[in-house]
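*Asks:* First the structure, then my questions, so here it is.
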2 protein chains.
Amino acid sequence: MIDSSNGLRVPDIAAIRAAAVRIAPYVHRTPVMQSRSLDALAGAALYFKCENLQKVGAFKARGASNAVFSLSDADAARGVVTHSSGNHGAAIAYAARERGIAAYVVMPENAPTIKIDNVRGFGATIRFCAPTVAAREAGCAEVQREHGATLIHPFDNADVIAGQGTAALELLADVPGLDAIVAPCGGGGLLSGTAIAAKALSPSIRVYGAEPANAGDAAAGFRSGRIEPLPSATTIADGLRTTLAPRTFNAIRAHVDDLRTCSEDAIVRAMRIMWERMKIIVEPSGAVPLACLIERAFDLDPSIKRIGIIISGGNVDLDHLPWQR
Amino acid sequence: MIDSSNGLRVPDIAAIRAAAVRIAPYVHRTPVMQSRSLDALAGAALYFKCENLQKVGAFKARGASNAVFSLSDADAARGVVTHSSGNHGAAIAYAARERGIAAYVVMPENAPTIKIDNVRGFGATIRFCAPTVAAREAGCAEVQREHGATLIHPFDNADVIAGQGTAALELLADVPGLDAIVAPCGGGGLLSGTAIAAKALSPSIRVYGAEPANAGDAAAGFRSGRIEPLPSATTIADGLRTTLAPRTFNAIRAHVDDLRTCSEDAIVRAMRIMWERMKIIVEPSGAVPLACLIERAFDLDPSIKRIGIIISGGNVDLDHLPWQR
């Protein structure tokens, strides 16, 4: 781990390598898939790192496992807490069960049943709160006070970022000679970890972040030089309705070459193409990198011929598919 | 290849091994996936051979490639023909394109656009005919006469059966110590190839065939000792609405331990569980083995703890999902 100039701890490549060893018993080494028809569509050879096939259906299992298994035995015994009701919440519940410790997940009362059942299925204790950010944070603080549980933030956490970086580590090991790598950007944990790993292993590689235009705060901040507020965030890519933390903002500014955005239409189109051609379930957030490539959002140098893409997750409500609305 | 007593050529393990070498450049070595929650559901460790992630989205790419690349240059130059409008038709079109020869696919005029586009997308020539078996066979005979093209039957063909058997070859190499293997059964090409390969490599392994009760002709024939007619065949598993040929019937009687059937409800349930838990697109036919396990259709000895399952394909109309009817 190194300290950046502002005192916020971020992982270095050694921390990401250590994370890979630590989490190996608890996560899948996910496959890398290719598709000739998608190559033709993108005008480059695409290598998809399938984190939708990861434990709990998302890369979040990596960061959560690394954070949970990095705790001392004494801290672990008091449990962990988080306020994410999405993939990170399920991942914390999963990792805590693997370690045999308590997990508390603070969720708004109006959370969808499917998310509640998912977290509960891993044996976590759910604490309901009013559907506001303040109520969620208060709920977490309460659990920390009552149980001494450790808060594991979904992305503003060096151990989480190190865990997320292990996906790129595997991708670069499995596919030598990548010219670029594209990851979606919500809170920036995956993109930070990806960029730190990729630039350390292959200094000439380009690292790009992909966002929905309807939640394009990171792309805007990358240009303005400060953290920008999240716009309306009406995007279908529900995993990316999050703004950066200073820690991830700094890491992205230091290691990422560019961030660009795509339309909602392109997200749905990319998602459906991946289902049809690759025969895998990809959630909207996971389709955002391909959507950006389809819309030619990045200024890609013609020398960029081999592109790695991280498919972030595959958790979708199968009763409500976006092309059926 | 060996000749069975009735003079019908069927492949032996040497032919299946030769097929694996022959088709390696044209097919994926598909991954084997596991899911803890599906293991719990089935009461055994399940190893899914993902032929839904195969070229053209189905195991059919194996048999078609083996048949097409087994042709002499002189025969190949005159092209190939088939009357399957489903996965085999697409697979023949794909394999012919790979070999650089003509493919003719005879299809009923009322075939769904999605199937027509799929076959056409691989560059095959489509010849439309009236929607009857007689018209299809006449259409094929015409193409054979006009062009000298070789007919490649979807399952009543030793080279096709040998190709289908390569999926089991890979599965047994990747997962040593399987106690049983389950494959779906339509015309019986996949099940024949699977059984011949599995019994040759592991004489004590059990091989089971899985059918929809609504198209349970092979299970009935396995018991009666003769090829039984197909019942109404109203099953959602459209890939299995086919009856056996004498060649596959004999191979199955010689090498398969049992065939059982499942309900339509179980097929839809199994399919949805695989989408949700494994994050992969499985077509109804591909969910039939799991559906039989969920319904406890087989009399499984308690010693059977590790079961291989061949997921036959993943071609689904994403606008019409069975749980949305």
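The values are calculated or read from the model by the stated rules, or taken from the named source; none is laboratory data. All values derive from a computational prediction rather than experimental measurement. Positions of Cβ are backbone-derived with ideal geometry, glycine not excepted, and every protein chain shown enters the neighbour counts. In case anyone asks, the SASA skips ligands and DNA or RNA and just uses the protein heavy atoms, side chains included. Shrake-Rupley method; radii C 1.70, N 1.55, O 1.52, S 1.80 Å.
*Asks:* Assuming B:ARG241 fulfils every condition listed in (1) crowded, with 23+ Cβ neighbours inside 10 Å; (2) under 30 Å from A:MET278 (Cα atoms) apart from one, which condition is it?
*Replies:* Going through the list (1) crowded, with 23+ Cβ neighbours inside 10 Å; (2) under 30 Å from A:MET278 (Cα atoms), B:ARG241 breaks only (1).
*Asks:* Based on what the data block shows, is A:GLY308 in contact (Cβ under 8 Å) with a residue 12 or more places away in the chain, among the small types (Gly, Ala, Ser) and part of a helix (DSSP H, G or I)?
*Replies:* no
*Asks:* Right, here's the next one. Name the single residue that is least open to solvent (accessible area, probe 1.4 Å) among those in segment B:300-325 being more than 18 Å from B:CYS50 (Cβ to Cβ) and away from chain A (no Cβ under 14 Å).
*Replies:* B:ILE304
*Asks:* While we're on this one: Determine which member of the set B:ILE196, B:ILE161 is touching a residue at least 40 places away in the same chain (Cβ under 8 Å), farther than 30 Å from B:GLY43 by Cβ, in contact with a helix residue (DSSP H, G or I) (Cβ under 7 Å, 6 or more places away or on another chain) and assigned to a helix (DSSP H, G or I).
*Replies:* Exactly one residue qualifies, and that residue is B:ILE161.
*Asks:* Being in contact (Cβ under 8 Å) with a residue 60 or more places away in the chain and not charged (D, E, K, R) is the filter here; which residues of segment A:216-240 pass it?
*Replies:* A:ILE236, A:GLY239
*Asks:* Looking only at segment A:266-299, count how many residues are among the basic types (Lys, Arg) and more than 9 Å from every other protein chain (Cβ to nearest Cβ).
*Replies:* Residues meeting the conditions: 2.
*Asks:* Need the failing condition index for A:GLY177 against (1) in contact (Cβ under 8 Å) with a residue 40 or more places away in the chain; (2) under 21 Å from A:GLY63 (Cα atoms), just the number.
*Replies:* The single condition A:GLY177 does not satisfy is (2).
*Asks:* Can you give me the number of residues within segment B:14-36 that are in contact with a helix residue (DSSP H, G or I) (Cβ under 7 Å, 6 or more places away or on another chain), open to solvent by 20 Å² or more (accessible area, probe 1.4 Å) and of a type in the set (Gly, Ala, Ser)?
*Replies:* So the count comes out to 1.
*Asks:* Return the residues of segment A:129-143 that are under 24 Å from A:ARG62 (Cα atoms) and crowded, with 17+ Cβ neighbours inside 10 Å; say none if nothing qualifies.
*Replies:* Matches in segment A:129-143: A:ARG136, A:CYS140, A:VAL143.
*Asks:* Between residues in segment A:200-215 that are part of a strand (DSSP E or B) and residues that are acidic (Asp, Glu) and open to solvent by less than 50 Å² (accessible area, probe 1.4 Å), which pairs lie under 6 Å by C-beta distance while being six or more apart or on different chains?
*Replies:* Partner pairs satisfying both residue conditions: A:TYR208/A:ASP258.
*Asks:* I would also like to ask the following. Can you find a residue that is at pLDDT 95 or above and assigned to a helix (DSSP H, G or I) anywhere in segment A:225-243?
*Replies:* no
*Asks:* Tell me which residues, restricted to segment B:264-283, are open to solvent by less than 50 Å² (accessible area, probe 1.4 Å) and either of a type in the set (Asp, Glu) or touching an Asp or Glu at 6+ places or on another chain (Cβ under 7 Å) (or both).
*Replies:* The answer is B:GLU264, B:ALA266, B:GLU283.
*Asks:* Out of B:ILE126, B:ILE152, I need the residue that is crowded, with 17+ Cβ neighbours inside 10 Å, touching a residue at least 60 places away in the same chain (Cβ under 8 Å) and either in contact with a strand residue (DSSP E or B) (Cβ under 9 Å, 6 or more places away or on another chain) or under 23 Å from B:ILE227 (Cβ atoms) (or both). Which one?
*Replies:* B:ILE152 is the lone residue from the list that is crowded, with 17+ Cβ neighbours inside 10 Å, touching a residue at least 60 places away in the same chain (Cβ under 8 Å) and either in contact with a strand residue (DSSP E or B) (Cβ under 9 Å, 6 or more places away or on another chain) or under 23 Å from B:ILE227 (Cβ atoms) (or both).
*Asks:* Can you spot a residue in segment A:64-87 that is within 14 Å of chain B (Cβ to nearest Cβ) and closer than 21 Å to A:GLU137 by Cα?
*Replies:* yes
*Asks:* When you check B:PRO246 against the structure, is it open to solvent by 30 Å² or more (accessible area, probe 1.4 Å), at pLDDT below 95 and out of contact with any His (no Cβ under 6 Å at 6 or more places or on another chain), yes or no?
*Replies:* For B:PRO246, the condition - open to solvent by 30 Å² or more (accessible area, probe 1.4 Å), at pLDDT below 95 and out of contact with any His (no Cβ under 6 Å at 6 or more places or on another chain) - is not met.
*Asks:* Scan segment B:55-62 and give yes if some residue there is among the small types (Gly, Ala, Ser), open to solvent by 10 Å² or more (accessible area, probe 1.4 Å) and in contact (Cβ under 8 Å) with a residue 12 or more places away in the chain, otherwise no.
*Replies:* no
*Asks:* Further question: Does A:ASN66 meet the test of being surrounded by fewer than 17 Cβ atoms within 10 Å (Cβ to Cβ), touching a residue at least 60 places away in the same chain (Cβ under 8 Å) and not basic (Lys, Arg)?
*Replies:* When the stated conditions are applied, A:ASN66 does not pass them.
*Asks:* Of everything in segment B:37-52 that's of a type outside the set (Ser, Thr, Tyr), open to solvent by 20 Å² or more (accessible area, probe 1.4 Å) and in contact with a helix residue (DSSP H, G or I) (Cβ under 9 Å, 6 or more places away or on another chain), which residue is nearest to B:ILE273 (Cα to Cα)?
*Replies:* B:LEU41
*Asks:* In segment B:75-107, which residue that is of a type in the set (Gly, Ala, Ser) and open to solvent by 10 Å² or more (accessible area, probe 1.4 Å) is farthest from B:GLN144 (Cα to Cα)?
*Replies:* Out of the qualifying residues, it is B:GLY86.
*Asks:* What residue, of A:ALA124, A:ALA102, A:ALA96, is at pLDDT 95 or above, over 27 Å from A:VAL10 (Cα atoms) and touching a helix residue (DSSP H, G or I) at 6+ places or on another chain (Cβ under 8 Å)?
*Replies:* When all the criteria are applied, what remains is A:ALA124.
*Asks:* Any residue at all in segment B:108-115 that is closer than 22 Å to B:THR242 by Cβ, open to solvent by less than 10 Å² (accessible area, probe 1.4 Å) and touching a residue at least 60 places away in the same chain (Cβ under 8 Å)?
*Replies:* No, segment B:108-115 contains no residue that is closer than 22 Å to B:THR242 by Cβ, open to solvent by less than 10 Å² (accessible area, probe 1.4 Å) and touching a residue at least 60 places away in the same chain (Cβ under 8 Å).
*Asks:* Could you check, for segment B:155-169, whether at least one of its residues is closer than 15 Å to B:ALA95 by Cβ and open to solvent by 10 Å² or more (accessible area, probe 1.4 Å)?
*Replies:* Within segment B:155-169, one or more residues are closer than 15 Å to B:ALA95 by Cβ and open to solvent by 10 Å² or more (accessible area, probe 1.4 Å).
*Asks:* The conditions are (1) more than 16 Å from A:GLU51 (Cβ to Cβ); (2) within 14 Å of another protein chain (Cβ to nearest Cβ), and A:LEU244 fails exactly one of them. Which is it?
*Replies:* (2)
*Asks:* Now, a different point. Any idea which residue in segment A:253-263 is most open to solvent (accessible area, probe 1.4 Å), counting only those that are in a helix (DSSP H, G or I) and out of contact with any helix residue (DSSP H, G or I) (no Cβ under 6 Å at 6 or more places or on another chain)?
*Replies:* A:ARG253
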